[in-house]
Amino acid sequence: SGNITIDAAANDTDIIFKGTDNTSDITMLTLDGSEAGAASFLGVITANAGVVVDNITIDGTEIDLSSGDLTVDVAGDIILDAGGNDFKFQAAGTEVLRITNNSSDVEIKPTVDAKDIIFKQFDGTAVMTIEDNVSVAINNDITVAGRASGHVTTDNDGNFDLQVGNDFQCTPSGNFTLTFSNPAAG
């Protein structure tokens, strides 16, 4: 009707549960007396009703999910901290994207050759594409915010329309034509 106490009375001694697996003697559970009772299980621990844990330390290199999706649901923020400075995203075992902390810069790059980076709206409309051929494509009729006093728009004729206030500065690297639709306005 009360507590059952199993006492390994000698200093730093363990409590060991043994059994037999197909005629072989095995240690199923060790409660380590020199590690404040840390438990070491020989096999897989099954907890169908869930597990409550304060902190998790993993000795291996991966967490495997046998089927379905994995949901991480937290009350606060999700913080990913990579000591190696790389965040690698894989699809079916193939790395497709890497975000790297490179000194003071952050690099975002696809890791499969000839892949573009595409930014889309909720409805699937591509807003901007950073193409593998080192070009940036901005969807037609999109306004790109520039300085507080102006912005850049593109339209179907392939031209850039610059609407700027005072102190506009342009330094071309090749042939360049700049026309003003309303020069008197500044």
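The values are calculated or read from the model by the stated rules, or taken from the named source; none is laboratory data. Not measured: the values here are computed from a predicted model. Cβ atoms come from the backbone with ideal geometry, glycine included; neighbour counts cover every protein chain shown. Side chains included, ligands, DNA and RNA excluded: accessible areas come from the protein's heavy atoms. Shrake-Rupley method; radii C 1.70, N 1.55, O 1.52, S 1.80 Å.
Starting from 0.36 nm per residue, how many nanometres of slack lie between ASP12 and VAL51 once their C-alpha separation is accounted for? Mind dumping the intermediate values first?
Numbers: separation 39, 0.36 × 39 = 14.04 nm, distance 2.79 nm.
Value of the extension gain: 11.3 nm.
In the stretch 69-123, which chymotrypsin sites (Phe, Trp or Tyr not before Pro) are in a loop and have at most 15 other Cβ atoms within 10 Å, using DSSP for the loop call?
Numbers: sites: PHE87, PHE89, PHE119, PHE122; in loops: PHE122.
Answer by residue number: PHE122.
Which part of the stretch 44-62 falls in the paramagnetic zone of ASP73, meaning amide N under 18 Å from the point 7 Å along Cα-to-beta-carbon?
48-53
Pop a pseudo-label 7 angstrom from the Cα along the beta-carbon direction at both LEU65 and ALA114 and give the gap in nm to one decimal.
3.2 nm
Probe of 1.4 angstrom, ligands and nucleic acids ignored: what's the accessible area per residue over the stretch 1-71, in square angstrom? Don't skip to the end; give the middle numbers.
Numbers: 6750 Å² over 71 residues.
Spelled out: the 1.4 Å probe surface of the stretch 1-71, per residue, equals 95 Å².
For LYS88, go through the lysines and keep the ones whose alpha-carbon is under 16 Å away, minus same-chain ones fewer than eight residues off.
LYS109, LYS115
Counting only protein heavy atoms and using a 1.4 Å probe, what share of the accessible area of the stretch 1-52 belongs to carbon plus sulfur, as a whole percent? Before the final figure, lay out each step's value.
Working: 2260 of 4540 Å².
Using a 1.4 Å probe with all protein chains present, the stretch 1-52 comes out at 50 percent carbon and sulfur.
Calculate one ³J(HN,Hα) per residue across the stretch 18-27 by plugging θ = phi - 60° into the Karplus curve 6.51 cos²θ - 1.76 cosθ + 1.60, and present them in order as whole Hz with x for glycine and proline.
10, x, 10, 10, 6, 6, 9, 6, 9, 9
Just subtract the alpha-carbon distance of SER34 and VAL134 from 0.36 nm times their residue separation and send over the number in nm, one decimal.
Working: separation 100, 0.36 × 100 = 36.00 nm, distance 5.98 nm.
Length difference between fully extended and current span is 30.0 nm.
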